[in-house]
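Structure first, commentary second.
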Amino acid sequence: MSSFFFWVFALMMLIFGAAVVINRNPVASALSLVVSFLGLAGLFLSLDAYFIGIIQILVYAGAIMVLFLFIIMLLDLRAEKLRKINWIATAGGIAVALALLFQILSVIGRFPAAKQTFPPLPKPASDDVHQIGLLLFNAYNLPFQVVGVVILVATIGVIVLSRRETR
Amino acid sequence: MLFTIGFAGVMLRRNIIIILMALELMLNAANLSLVAFSRFQVNPSGVPGYNAQVFVFFIITVAAAEVAVGLAIVVALFRLRQTTHVEDITALKF
């Protein structure tokens with residue numbers, strides 16, 4: 001049963017991930033990215049990472065995709081005209097991607113733990129939000145503060161970038 | 001596999017917004033493998049190792065900041081050049 005859900009979510013993620021790249025229309029591409037992230041969130045939930053799964057849906061499918069769609073609407077992008085395709089660059093890109101896929105698969109094939117299935121977890125004493133929060137504020141307090149500064153810098157940078165020159 | 005699709009997206013597509021989406025795909029592929037590793041590493045007390053999940057949390061945060069900055073750059077570029085195709089933006093090419 002769990003294996004069935006794994007295949008459903010994994011296929012959903014992969015098919016719509018390919019649709020992101022293949023679609024000519026940016027809006028359709030962004031919407032297939034949403035579906036792909038929903039499948040990924042399902043995989044996170046089936047890996048007992050409930051906090052990460054919920055964060056995935058909230059941040060990616062909510063915030064980031066709204067940002068993408070807003071920019072696409074703002075720039076008024078249409079589906080791309082079929083321009084002259086650079087066949088050498090396309091073939092080169094596909095070849096490099098296939099080489100990377102082959103390499104990743106061979107590494108996974110040598111990894112013995114990849115074949116075993118997960119034993120079911122015993123019922124944990126406290127939920128994982130509690131555990132992650134403890135870890136985040138005890139062991140990873142400095143990186144947490146640094147991430148806050150990163151977000152502040154990104155906010156100021158976006159404002160500076162999108163300000164119109166009024167001179 | 002998802003990483004490969006994202007990589008192919010970066011290599012093949014010539015639209016900056018699609019390239020940003022493909023970058024998101026690659027980041028999420030890395031997140032998926034991190035969560036799977038955290039599920040592998042089960043402590044004696046029976047809970048999975050949460051270090052990797054904290055790491056995934058940081059990756060998601062930085063990815064959100066990166067997308068915001070990237071899209072702001074795209075908007076500024078579009079105001080300047082009225083295009084989002086990378087082949088039309090060759091100002092640094094000599």
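Placing R0 at 30 angstrom, the Cβ-Cβ distance between A:ARG164 and A:ASN25 gives a FRET efficiency of 0.55 after rounding to 0.05. Between A:ALA99 and B:SER33, the simple spin-label model (points 7 angstrom out along Cα→Cβ) gives 1.8 nm. Between A:ALA91 and A:PHE144, the contour length at 0.36 nm per residue exceeds the Cα-Cα span by 14.8 nm. Model label sites at A:VAL8 and B:ARG79, defined 7 Å from Cα along the beta-carbon direction, differ in position by 4.7 nm.
Find the all-direction average of the projected area of the Cα convex hull for region A:124-167, expressing the result in square nanometres with one decimal place.
Values: hull surface 16.9 nm².
Here the figure is 4.2 nm², rounded to one decimal.
We did not get these values from a lab; they are worked out from the coordinates using the rules stated. Nothing here was measured: the structure is a model prediction, and the numbers come from that model. Here Cβ is always computed from backbone atoms with ideal geometry, including for glycine, and neighbour counts include all displayed protein chains.
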